[in-house]
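Presented below is the structure to which this report refers.
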Amino acid sequence: MIALVIDIETIPKGEYNPAEYEIEFTEVCTAIASPSPEPEISLEDVPDSGNIKDEIKQLEFRQKKLIQMNKARVVKFQAEIKKYEKATATAQAKYDKAEEKYNKDADKFMDADMKDWKGRSINDKTSQIISISVKLGDNHVHTFSGADEHTNLIGFLCWFSDLDVDIRDILWVGHNIIGKRGFDFNQMRSKLMSQHRFYEDPYGDLAREHLNHPLFLPDWASEYPPRFITWKPIDKQEKPVAFDFMHHLPSCPSTFVDKEGKTRTGKSLDVILQHYGYKGKEGGPDGSDVYDLWCDGDLDTIVNYNKDEVEQMAEMFKNLPLWWK
């Protein structure tokens, strides 16, 4: 048997239209009026003392009283200023806290919206294949990439049809490629069957021919006995159809930590590769970065990442001690 290692990269189909955060921000404090100084008191505003009869002493009393009244006016104004500044600082702090919470809630909403949008790349009905990398045996990696999914699939089918290999001798190798929740083949099968253009162009026969391969048949996982996809086939005379790194390496860790620091269930390809002594992603991009790279116009990085995964899977599979290889 000859191994054909495959890996695809997808992005959400269409253009991202961010949802609007419909909750309006309301201020949590009312405006606080700034204090204004009272007008300066003049001598005419100071009343006479009823107990003083002498005019000179009365004048001295009023002048002294004037100084006291203006001083009290200034002290009162300064106290109002301090009260205003304290009240303003308290109100501003409440406003800033409310605004910060609003912005965080809005950011969480937008992050969730973007996460939901990126999640469309997993669903074969809402995704678009932008890169397909394959490696047959010891040959170099072939990649079919670009914005036109149809062209990528046709390129793969043409390459596949030109192989000088009996299709029955091919063992498909990849990560999470098989089963009802498998990624790569479910994506490709669905698109090959749904894009009617395949049946309207010169490659129609080619598409129909390869749709008959077990990996592209509807519900193929249920139609083919488990012995084709288990670690040790029941009948050692039968050849397995595919080898899946996610399902056929029971000794690998079954959980991993994602980029957000959250522990997730499943066998990440990066964890599997590193578990067996390969470099894995080494801090480089992973599947969650593909859409961002695409938006930045960096198809080269996506293709290199796609190729590198295929190369590492091919090298690792080559060194696995499997009796039926």
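The values are calculated or read from the model by the stated rules, or taken from the named source; none is laboratory data. Everything numeric here is computed off the predicted structure, so don't read it as measured data. Quick reminder, even Gly has a Cβ in these numbers, built from the backbone with ideal geometry, and neighbours come from all protein chains shown.
Quick check on Lys115: is it part of a helix (DSSP H, G or I), within 19 Å of the chain's Cα centre (by Cα) and of a type in the set (Lys, Arg)?
In short, yes.
May I ask you to verify whether Ala79 is modelled with pLDDT under 85 and in a helix (DSSP H, G or I)?
The answer is no for Ala79.
What are the residues in the stretch 136-150 that are closer than 18 Å to Asn306 by Cβ, out of contact with any Ser or Thr (no Cβ under 9 Å at 6 or more places or on another chain) and either in a loop (DSSP other than H, G, I, E, B) or aromatic (Phe, Trp, Tyr) (or both), if any?
Of everything in the stretch 136-150, those that are closer than 18 Å to Asn306 by Cβ, out of contact with any Ser or Thr (no Cβ under 9 Å at 6 or more places or on another chain) and either in a loop (DSSP other than H, G, I, E, B) or aromatic (Phe, Trp, Tyr) (or both) turn out to be Asn139, His140, Ala147, Asp148.
Looking at the stretch 98-111, is at least one residue under 43 Å from the mean Cα position of the chain (by Cα), exposed (fewer than 13 other Cβ atoms within 10 Å of the Cβ), under 30 Å from Gly182 (Cβ atoms) and not assigned by TED's automatic domain parsing to the domain that holds Gly182?
Yes: the stretch 98-111 contains one or more residues that are under 43 Å from the mean Cα position of the chain (by Cα), exposed (fewer than 13 other Cβ atoms within 10 Å of the Cβ), under 30 Å from Gly182 (Cβ atoms) and not assigned by TED's automatic domain parsing to the domain that holds Gly182.
Which of the residues belonging to the stretch 285-325 are part of a helix (DSSP H, G or I) and touching a helix residue (DSSP H, G or I) at 6+ places or on another chain (Cβ under 6 Å)?
Of everything in the stretch 285-325, those that are part of a helix (DSSP H, G or I) and touching a helix residue (DSSP H, G or I) at 6+ places or on another chain (Cβ under 6 Å) turn out to be Val290, Tyr291, Leu293, Thr301, Ile302, Gln312.
Is it true that Pro18 is in a loop (DSSP other than H, G, I, E, B), surrounded by 14 or more Cβ atoms within 10 Å (Cβ to Cβ) and in contact (Cβ under 8 Å) with a residue 12 or more places away in the chain?
no
Hey, does the stretch 113-130 have a residue that's more than 30 Å from Asn152 (Cα to Cα) and either free of Cβ contacts under 8 Å to residues at least 12 places away in the same chain or touching an Asp or Glu at 6+ places or on another chain (Cβ under 9 Å) (or both)?
no
For the stretch 75-97, does any single residue satisfy the condition of being among the polar types (S, T, N, Q) and either touching a strand residue (DSSP E or B) at 6+ places or on another chain (Cβ under 9 Å) or under 30 Å from Glu40 (Cβ atoms) (or both)?
Scanning the stretch 75-97, I find at least one residue that is among the polar types (S, T, N, Q) and either touching a strand residue (DSSP E or B) at 6+ places or on another chain (Cβ under 9 Å) or under 30 Å from Glu40 (Cβ atoms) (or both), so the answer is yes.
Out of everything in the stretch 264-279 that is part of a loop (DSSP other than H, G, I, E, B) and under 20 Å from the mean Cα position of the chain (by Cα), what residue ends up being nearest to Gln312 (Cα to Cα)?
Selected residue: Ser268.
Kindly indicate the residue of the stretch 151-164 that is out of contact with any Leu (no Cβ under 7 Å at 6 or more places or on another chain) and either of a type in the set (Ser, Thr, Tyr) or not in a helix (DSSP H, G or I) (or both) and also nearest to Asn139 (Cα to Cα) among those meeting that condition.
Filtering first and then ranking leaves Asp164.
Mind checking which pairs have a first residue in the stretch 304-316 that is in the same structural domain as Phe144 (by TED's automatic domain parsing) and a second that is in a helix (DSSP H, G or I), Cβ under 6 Å, 6 or more apart or different chains?
Gln312/Leu273
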